[in-house]
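Here's the structure we're looking at; comments come further down.
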Amino acid sequence: MLGEFESQNEIAACTRTLDSLKVGDCAEIESIATDCDRANRMASLGFIPGRMVRVTRFAPLGDPISVQLEGQEISLRRAEARIIRVKGGA
Amino acid sequence: MNALAESPLKKTTARPLVALVGNPNTGKSTLFNRLTGLRQHIANYPGITVEKKTGLLRVGGSSIDLLDLPGCYSLTAVSNDERVVMDVLGGRRGFQKPDLLVFILDATNLKRNLLLVSQCSELGIPALIVLNQCDAAKRNGIRIDADLLSKRLGVPVVKTVATRGQGLSELKDAIVSALESPSVLSRIPWPECITEGCGLLRAGLQNSESSELSQAEALRVLFDSDSVFACGVSDKLCLKKLVDSAHRSIRDSGLNPGSAEAVIHYRHLDSLLEGVVEANGPIARSHDSIDALLLNRVWGTLIFLSVMYVVFQSLYSWSAPLMDLIDLGTSAAQDFISPFLSSSPALQSLVCDGIIAGVGGVLIFLPQILILFFFIALLEDTGYMARAAFLVDKLFSWCGLNGRSFVPLLSSYACAIPGVMATRTLSDPKARLTTILMAPFMSCSARLPVYILLIGTFIEPLYGPLVAGAVLFAMHFVGLALALPLAWLLNTFFLKIKTQPFILEMPDYRVPTLRNIFHRMWERGREFVLRAGTVILAFSILIWSLLYFPRDPSVEEQTTQSFLREAAANHSEVEIQDALKNPTSELNQVLTHRIDSAYIEQSYLGRFGKAVQPVFDPAGFDWKITVGVLSSFPAREVIIATMGIIYNLGADVDEGSDDLRSVLQNEKWTSGPRKGEPVFTLPVVLGIMVFFALCMQCGATVAIIARELNWRWAAFSFFGMTGLAWLGAVLIYQIGRLI
Ligand SMILES: Nc1nc2c(ncn2[C@@H]2O[C@H](COP(=O)(O)OP(=O)(O)OP(=O)(O)O)[C@@H](O)[C@H]2O)c(=O)[nH]1
Ligand SMILES: [Mg+2]
């Protein structure tokens, strides 16, 4: 049952990272880059596999980006968004 | 509910300790204030309360110690706030372990809020759950079955609306009965790989008290390499080896050790909340449409700029009359006290020029601090501040600061002291350190008089008001323009601290309450007067004594004699005698000012200034400027008064004084290779201004940096800035001379 949480082998070609989404795009979180310092932090804020995120806007200078996750609006930098792998959506 | 054998309320030794725990911005401080009657920071900006605060809660006949903790999202100790929480919950570093944890949860976002609760269940401390912001939850169509939640968690659940005081008496009763018959949170079932990992760590490691790690400690060590518990383990090599092998087995069972903890907790919470929370269709978010405007590329930026313009403008125009009033009050107090002490000139000078002037020098900052914190409180309470941080983050991120640095840096434009204090809202220690070091570079209001004096005296008459205005504007950006690249250098090459992710939760927009805002102003003002004020006072008394002593009476005699000889050339004997008897006569005043000036020249600081003048010679400073600069190290605005004395005008001059301006314009070198040339040439004037822009001439800032970081950083900041200031002044003078 735990296997479905994250699986490194399963990273398909279609996998993108959160920072590559455009404003308005919706996607499902697939995994957080393994062994990343920030993984714990991101996960406790709710970035966990299986949940949907929607990119609501970019800051005027393009970074950070603002996403909607479980009804809350969270702003994060592209560098952090890059460690979150997403699939599907648009 | 599993009752515990010992009830803390029955202990006769000490009052029971109840801690308020929860995510940032859920209403802990609001509830704390409601419960204790004590007031505290309340701000609609995550992470405002950084220090723990205690208050007394009286219910019926018993009294309970209530502890307000900073908000945190999880037990992962990334920021100082979280470390404080971990220390309290673990009963470490002299903190008493709480008898009861009251979790304050934001009912609009229950699952995320419950993560912390779920983590704390391992601690085995009796708990009580408060669902706060029930009004907002209701508005968003969220319904929560408190009884079911209570049954599943194993502890009582109370609903409140902290801002309106709803549910308070129920909460008080619940606290009392939870202390009488405590119940602990039911633990979550861990997958095998985690329990195995914990067992491995517990078997192989010892904590700081050299006993075996508890299960809770082992979990923290396993999931958080920076946890306070991991820091307590002495054998770091063994720690790393064990953690690595535990992580390997977690990875083998298909989990990411980085995010496993949160993933498992959320999985557990998903099933726990089944049937507890009921959301009415898609949540109607009131702030989406406001955000669309305020965070819009064009409009959002324009609104941001206008808001900041209003803040900046009010800071400068509103504070002026109040500052004048404080100035008036200071001199009135001096005039009032002075006659009583005329029998002892040294005491008179200590009280008037040292103490009263020092107190005035502290109070003079108050208006700007109050006005600034009015705006900061307003922006934070409405929820705009987090948006502002989002809008400007990119401006700061390249150099290691972040969007939250904006507020402290903006505050520093009024005064670096509240600015440095405001950095406590930065959860990233690296960004916080850098922001603190950069704050004194921002052009604080104490630099303004120097700019106004020099620009008004030398630049406006020559180049007109337009250029003068432009120079004044530019002076405000010299420090910033230098600080940001410096921050980048520091961050890239020198600071070996882990960078934290910059993640902001956008709070809902709220209508701010005036009471809250005024409380913030009051608290900040008081903090400034008590914390910084005493240091400023001490520094100003020290400098006063360096300027006053040794006060050899022969200085007065010699000055008088040479003055009389000079006067005899133009006046008759009788005229001079008459004039000297009349204290208000012009001759007498001139004499007094000359004596004052001679005393300063002979004072310890004057001698020192003359001795170190060669150091400032490459910047074109004569000994008078040097003494002025040295005397303004405790507080830069002092330079105007010192210059007044040095230039024989008395201390009562200000930056607008025509006398001072004309004296400066006519000042010539009296010796050396430049003899006869004017002292204040354009390069010198610009050099002085740049020196003031870059130099850490503020004892209080040094002291506050030492308090927030440590004395090493304070010394680094002081010497670094002074060196830079010298370099800047020298460069400008030398280049200016060539042109
Ligand atoms: N609508 C509503 N707002 C509330 C309620 N309780 C608190 N607030 C608001 O929530 C914001 C944050 O309150 P604080 O008491 O400062 O929150 P805190 O938990 O102490 O925050 P940190 O100290 O940053 O962790 C303030 O603007 C309060 O007015 C409530 O019951 N309902
Ligand atoms: Mg608080």
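Cα centroids of segment A:38-90 and segment B:660-739: 48 Å apart.
Distance between the 7 Å Cα→Cβ label points at B:S585 and B:R526: 5.5 nm.
Over chain B, the ratio between the Cα radius of gyration and 2.2 N^0.38 Å evaluates to 1.16. Interface of A with B. Using a 1.4 Å probe and counting protein heavy atoms only, the two chains hide about 4000 Å² of accessible surface, both sides summed. The label point for B:K668 and the one for B:V467, both projected 7 Å from the Cα toward the Cβ, are 2.5 nm apart.
Extension gain for the segment B:K610 to B:K240, taken as residue separation times 0.36 nm less the Cα-Cα distance, is 127.3 nm to one decimal. The distance between label points at B:F340 and B:L727 comes to 5.1 nm (points 7 Å beyond Cα on the Cα→Cβ vector). Dividing the helix sum by the residues of chain B, where each DSSP H run of 4 or more adds -39500 (n - 2.57), gives a mean residue ellipticity at 222 nm of -18500 deg cm²/dmol. In whole angstrom, how far apart do the alpha carbon centroids of segment B:338-416 and segment B:605-637 sit? First find each Cα centre; the distance between them is then 26 Å. For chain B, the solvent-accessible area of protein heavy atoms averages 42 Å² per residue (probe radius 1.4 Å; ligands and nucleic acids excluded). Other protein chain C-beta atoms within 10 Å of residue C-beta, averaged over B:501-514: 4. For the listed residue pairs B:K53/B:K430; A:K22/B:K138; B:K53/B:K159; B:K28/B:K236; B:K97/B:K241; B:K151/B:K241, the alpha carbons are over 29 angstrom apart in A:K22/B:K138; B:K28/B:K236; B:K97/B:K241; B:K151/B:K241. Residues whose amide H lies under 5 Å from that of A:T17, counting only those 5 or more places away or on a different chain, are A:V86; hydrogens are built 1.01 Å from N in the peptide plane. B:I735 to B:W398: extension gain in nm, 0.36 nm per residue of separation minus the Cα-Cα distance? Computed gain between B:I735 and B:W398 is 118.2 nm.
With the highest mean first, a sort of the peptides B:628-640, B:412-424 on other beta-carbon atoms found within 10 angstrom per residue produces B:412-424, B:628-640. Using the Cβ-Cβ distance between B:A332 and B:E170 with R0 set to 51 Å, the FRET efficiency from 1/(1 + (r/R0)^6) comes to roughly 0.40. What FRET efficiency comes out for the pair B:E192/B:S271, r = Cβ-Cβ distance, R0 = 25 Å, nearest 0.05? After rounding to 0.05, the efficiency reads 0.85. Solvent-accessible area assigned to carbon and sulfur over the protein assembly as shown amounts to 60 percent, based on a 1.4 Å probe. Note on segment A:22-77: percent of Cα-Cα distances in each 5 Å bin, starting at 0 and stopping at the bin with the largest distance, equals 4, 19, 26, 28, 16, 5, 0. The length gained on full extension between B:S249 and B:E278, counted as 0.36 nm times the residue separation minus their Cα-Cα distance, comes to 6.7 nm.
For segment B:378-412, the list of chymotrypsin sites (Phe, Trp or Tyr not before Pro) that fall in a loop by DSSP and count at most 16 other C-beta atoms within 10 angstrom reads B:W398. Within the assembled protein chains, the solvent-accessible surface assigned to B:E192 is about 130 Å², based on a 1.4 Å probe.
The values are calculated or read from the model by the stated rules, or taken from the named source; none is laboratory data. Everything quoted here is computed from the prediction, not taken from an experiment. Note that each Cβ is placed from the backbone with ideal geometry, even for glycine, and that neighbours are counted across all protein chains shown. Protein only, heavy atoms only, side chains kept; ligands, DNA and RNA dropped before computing areas. Shrake-Rupley method; radii C 1.70, N 1.55, O 1.52, S 1.80 Å.
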